[in-house]
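Read the structure below first, then the notes.
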Amino acid sequence: MGKYVIRRIGQMVIVLFGATLILFACLFVLPGDPVGSLGGDKARDPAVVQELRERYGLDKPLVEQYGNYVTNLVKGDLGEDYTQRRQVTEVLGPKLQNTAKLALAAIVLDVVIGMLAGLIAALFRYSFWDVLVTLLTTLAIGFPSFVIGSIFQSQFAVKLGWFPLISDGSFNSLIMPAVTLAIIDAALVARLMRGTMLEVLRADYVKTAVAKGLPRRTVLFKHVLRNSVIPVVTYIGISFGGLLGGALITEAIFNWDGIGFALVTAIQQQNNPIIVGVVTYGVAVFVVLNLLVDLLYAMLDPRIRLS
Amino acid sequence: MTTNEKTAGKAADKAAEKAAAKTAAEPGKAADEGKKSAPLLEVRDLHVEFKTRDGVAKAVNGVSYSVDAGETLAVLGESGSGKSVTAQAIMGILDSPPGRVAGGEILFHGQDILKLPESERRKLRGPKMAMIFQDALSSLNPVFSVGNQLGEMFRVHQGMSKKDAKLKAIELMDRVRIPAAKQRVNDYPHQFSGGMRQRIMIAMALALEPDLIIADEPTTALDVTVQAQVMDLLAELQREFNMGLILITHDLGVVADVADKIAVMYAGRIVETAPVHELYKRPAHPYTRGLLDSIPRLDQKGQELYAIKGLPPNLLHIPTGCAFNPRCPMAQDVCREDIPELRRVTEQDGTELDGRGSACHFWKETIHG
Amino acid sequence: MTELAKSQGPGAATAEPAAATGTAEPAPARITQWGEIRHRFMANRLAVVGLVLVLLLFLTAALAPLIATHDPYAQDLGNTLASPSGDHWFGTDALGRDQFSRVIYGSRIAVVVGLASIFLACLIGLVLGALAGYFGKTVDTVIMRIADIFFAFPLLIGAIVIILVMGRGVMPVILSLAIFSWATVSRLLRSSILSVREMDYVTAAKALGASTSRIIIRHIMPNSIAAVMSFIAFSVGTAIVAEASLSYLGVGVSPEVPEWGNMISSARDFMGVKDFLWMYPSVAIVLTVLGFVFVGDGLRDALDPKLR
């Protein structure tokens, strides 16, 4: 177990370095000069540009830049951003909180709605509710988040005025982006939950549980549910990792001040340190969550041996 | 009555028991004659159907049999013969829908349990009747320890505390001779060998000392060497607790040593009943004879093994007349038209043979000819 | 082995609920063959609807110039933001361009990007998978680690990084989506082939002395390919959404190109006021994605009908 975790962490580090190297190589060959675009359209004094290039280490070769980046990264330093000249960690800090808030709200909705819907659909297979859940989940998967977001904005923000069109960080402005994010995921969770439940309901050990004279609720909530949630929990874990890494589209639709929105803005401004910071963080969260999910999986299913 | 029977049975000589049981085994007759109090379990004219996409599959078509305390009834048949479905109907664990009991009675201690509400039937499962399944690996929940699953019987049915239930679980594991039970009680099913897992299934069925145990192919999934051990254990425990045992199998070899009587099933009907050794000596149904002939024997080494030709019938379209007629070497026109009743089998001089019955138009030719 | 003993990781775990829940019921040898899969697929109403939607999409893309009523690029500054009418069925946008024609032409980008990116992803996945299989352990490990690296990038973020390098446009979008999709493809191919190879009926066929090529063609191929085809159908749908998302974010194809994401994005300024601007392209993309999802679902159910 301990050995396994250490090995996985080693793998994680490799993945992280590989990912940042790819990222760095891409940004290094990027057309256009980030420093040149800093001052907007005005032409710059070449001396100033030169000074700025030195300041950000852009005059150094890729390998050295990457080396510096890694050394600083280990120290928890992501460098200074171009537009505000503040520490990237400092800029992203509050945005991370916002993203986490949104991710948490979305995942709670996911779990509650998705698992409940899947559960009901499986227990009352072929009933009205099952058909309804199957229909809605199938439809939901076809709706890209920007379409859902557009519907919400035009109906609930502009026409009905229930929620602000553009997020201001308040709880009320959290609802539309959270629901937008949750819809597709909840649909996938519901489908997964229904599928595994139906599979588990047919399992021999469920028949055994019935033959043991257990009350129906014990059969369902102990023997069936415990086995059904294993894949669902792992799916939700991975999905949560993705959400924590920043929901680009949803944050952009509602101008939610999280790291996804920060990334989109940084791309428009060619603010490379922010881009590197967000991507590094996103990949790191994804990898860490994956490890956690694997550990959780092994905890939930005793047949899994970590070795 | 239950307790009386039990204590009496425990004290009684097994041979005497058997003799009494034989009378009871006579198809549908025991109750009418009133010679003896009601048997432990009596199935009367049971019908079970399954709704499928392509129509209604008649899995059980009028099965009657009975088992007494301390007695072992072996139900023999191919897959799809309805032997397991009958057992599940007795336990009340049919998958319904699509399955449903379409008719008949299941008398347990003289009471028709089909008339009981589900809540009452549930209380029978475990304390009064229990079932052992074929594949212990898939029949045990993979994510709970065996101690948890054994202890569950005591917790749910007797309201025992977790701690006491675990002690009981260890006791049970000792009882079915699982080594180092104390250390292994928290292990998971996949950590045990096949034989040990099946012992755990047996322990679970025995936990509340039920009156009736149904074992559905309990040794099929096991290695041959382990099969005998598990079978012996089951037989020993059955004697000890004086339980009625229904042993469902397709393996004639398993039956010979442990069963008192046999019911052979085909296409949802009983085609022959007989005390175990009689059946081996003189089958009274061509299907039984076919089964016996297809057992490999040492003295026939080198000869081609006999096999019943054809396939088991499709339950959606059971052949008219005797369901076995398309595969039967003796089939005549009457076999394609009339469904043969399960009739008493007699000697040539007309002497009745105890507990014997055959559902063949030509049973005389089969047994005597 | 550093992987979980039972699966390749949580990704595989979620893809295989059966394995994860361990319902080890001895599955009857599943001999699924072409005719059977096709029959089950065609008997599934939703799958047929999906197939019709997908075919309609292809047809629209191919015949766009014939269907479109106007030049999708032609601006008419005297008639901007016009509501749907007899002349402009879906209205006009802020530059007076005909929305109907732009929605019709938008199908071309969807088809091209969706198919090309997934085709490319499969190609990369197949080549690397074959290399891994051929050279064995070390190469396999290296390739799977590289796949891990690409797998760790969220699709959109990864795609954006590539587009930053290459600039906006159709080609960069295709390439960027392919580069960050192949890892999933190679994982799926690997696990699919491995799992099919282990199935009882393949062992049975081998034991019966069926030749290797016969086993592959008659038994492995229908199952593997149908599984992969089902995955491809889903992936194309995903790629189309991703492509529209990139455009929506302003990093996809150029803004003047008739493309659904572009159209929805430029409707943002008129949200709730001129809803026809985003509604028609939204309907187009939803129907497209649903088409692919239904086909994917249909294929999966045709393979494993018990889960329906």
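The values are calculated or read from the model by the stated rules, or taken from the named source; none is laboratory data. Owing to the predicted nature of the structure, the values given are computational and were not obtained by experimental measurement. Here the Cβ positions follow ideal geometry from the backbone for every residue, glycine too, while neighbour counts run over all protein chains shown.
Test of understanding: among A:Phe171, A:Phe163, which residue is over 20 Å from A:Ala100 (Cα atoms), without any contact (Cβ under 8 Å) to a residue 24 or more places away in the chain and aromatic (Phe, Trp, Tyr)? Write out each step before concluding.
Numbers: A:Phe171 fails: over 20 Å from A:Ala100 (Cα atoms).
On inspection, the qualifying residue turns out to be A:Phe163.
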Kindly indicate whether any position in the stretch A:160-167 is farther than 17 Å from A:Ile249 by Cβ and part of a helix (DSSP H, G or I). no
Specify which of the listed residues (A:Pro144, A:Pro94) is within 14 Å of another protein chain (Cβ to nearest Cβ) and not acidic (Asp, Glu). A:Pro144
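May I ask you to say which residue of A:Ile275, A:Ile267 is crowded, with 24+ Cβ neighbours inside 10 Å and not in a loop (DSSP other than H, G, I, E, B)?
Numbers: A:Ile267 fails: crowded, with 24+ Cβ neighbours inside 10 Å.
Only one candidate passes the filter, namely A:Ile275.
Assigned to a helix (DSSP H, G or I), in contact (Cβ under 8 Å) with a residue 24 or more places away in the chain and more than 8 Å from chain A (Cβ to nearest Cβ): is that true of C:Gly291 in this structure?
Considered against the rule, which asks whether it is assigned to a helix (DSSP H, G or I), in contact (Cβ under 8 Å) with a residue 24 or more places away in the chain and more than 8 Å from chain A (Cβ to nearest Cβ), C:Gly291 comes out as yes.
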Condition first: over 19 Å from the mean Cα position of the chain (by Cα), farther than 30 Å from C:Met166 by Cα and of a type in the set (Asp, Glu). Now tell me which residues in the stretch C:253-308 satisfy that. C:Asp275, C:Asp304
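Specify which of the listed residues (C:Gly106, C:Gly91, C:Gly86) is under 29 Å from C:Gly272 (Cβ atoms) and surrounded by fewer than 14 Cβ atoms within 10 Å (Cβ to Cβ).
Selected residue: C:Gly86, the only one of C:Gly106, C:Gly91, C:Gly86 that is under 29 Å from C:Gly272 (Cβ atoms) and surrounded by fewer than 14 Cβ atoms within 10 Å (Cβ to Cβ).
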For the stretch C:49-70, give me each residue that is surrounded by 14 or more Cβ atoms within 10 Å (Cβ to Cβ) and within 22 Å of C:Glu256 (Cβ to Cβ). C:Thr60, C:Ala61, C:Ala64, C:Ile67, C:Ala68, C:His70
Need the failing condition index for B:Ser96 against (1) more than 9 Å from chain A (Cβ to nearest Cβ); (2) farther than 30 Å from A:Tyr297 by Cα; (3) touching a residue at least 12 places away in the same chain (Cβ under 8 Å); (4) not in a helix (DSSP H, G or I), just the number. (3)
Restricted to the stretch B:292-336 and to residues being among the aliphatic types (A, V, I, L, M) and in contact (Cβ under 8 Å) with a residue 60 or more places away in the chain, the residue surrounded by the most Cβ atoms within 10 Å (Cβ to Cβ) is B:Leu315
Check the stretch C:227-247 and report whether any residue there is assigned to a helix (DSSP H, G or I), at pLDDT 85 or above, more than 19 Å from the chain's Cα centre (by Cα) and more than 23 Å from C:His39 (Cβ to Cβ). no
Mind checking whether some residue in the stretch C:107-126 is of a type outside the set (D, E, K, R) and more than 19 Å from the chain's Cα centre (by Cα)? no
Residue hits (the stretch B:337-352; touching a Ser or Thr at 6+ places or on another chain (Cβ under 6 Å) and either among the hydroxyl-bearing types (Ser, Thr, Tyr) or surrounded by fewer than 22 Cβ atoms within 10 Å (Cβ to Cβ) (or both)) are B:Glu352
Are any residues in the stretch A:224-269 of a type outside the set (A, V, I, L, M) and at the interface with chain C (Cβ under 8 Å from one of its Cβ atoms), and if so, which ones? A:Asn227, A:Ser228, A:Pro231, A:Thr234, A:Tyr235, A:Gly237, A:Gly242, A:Gly245, A:Gly246, A:Gln268
Pick from the stretch C:162-174 the residues that are at pLDDT 85 or above and either buried (at least 19 other Cβ atoms within 10 Å of the Cβ) or within 10 Å of another protein chain (Cβ to nearest Cβ) (or both): which of them is farthest from A:Gln270 (Cα to Cα)? C:Ile174
For a quick check of your reading of the model, give me the residue pairs whose first member lies in the stretch A:80-107 and is under 17 Å from A:Gln269 (Cα atoms), whose second is aromatic (Phe, Trp, Tyr), with beta-carbon atoms closer than 8 Å and at least 6 apart or on different chains. A:Glu80/A:Tyr56; A:Tyr82/A:Tyr56; A:Leu92/A:Tyr281
Hits in the stretch C:260-274 - residues which are among the charged types (D, E, K, R) and farther than 17 Å from C:Phe90 by Cβ: C:Arg268, C:Asp269
If you scan the stretch A:171-205, which residues turn out to be facing chain B (nearest Cβ under 8 Å) and assigned to a helix (DSSP H, G or I)? A:Asp204, A:Tyr205
Given the criteria among the small types (Gly, Ala, Ser), modelled with pLDDT under 75, part of a loop (DSSP other than H, G, I, E, B) and farther than 23 Å from C:Ile162 by Cβ, does C:Ala210 qualify? yes
Out of all the residues in the stretch B:42-57, is one or more modelled with pLDDT of 90 or more and basic (Lys, Arg)? yes
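Only one of A:Thr99, A:Thr83, A:Thr138 is at the interface with another protein chain (Cβ under 10 Å from one of its Cβ atoms), of a type in the set (Ser, Thr, Tyr) and surrounded by 14 or more Cβ atoms within 10 Å (Cβ to Cβ). Can you tell me which?
That would be A:Thr138, the only listed residue that is at the interface with another protein chain (Cβ under 10 Å from one of its Cβ atoms), of a type in the set (Ser, Thr, Tyr) and surrounded by 14 or more Cβ atoms within 10 Å (Cβ to Cβ).
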So B:Arg122 clears everything in (1) part of a helix (DSSP H, G or I); (2) under 22 Å from B:Leu237 (Cα atoms) except one condition, right? Which one? (2)
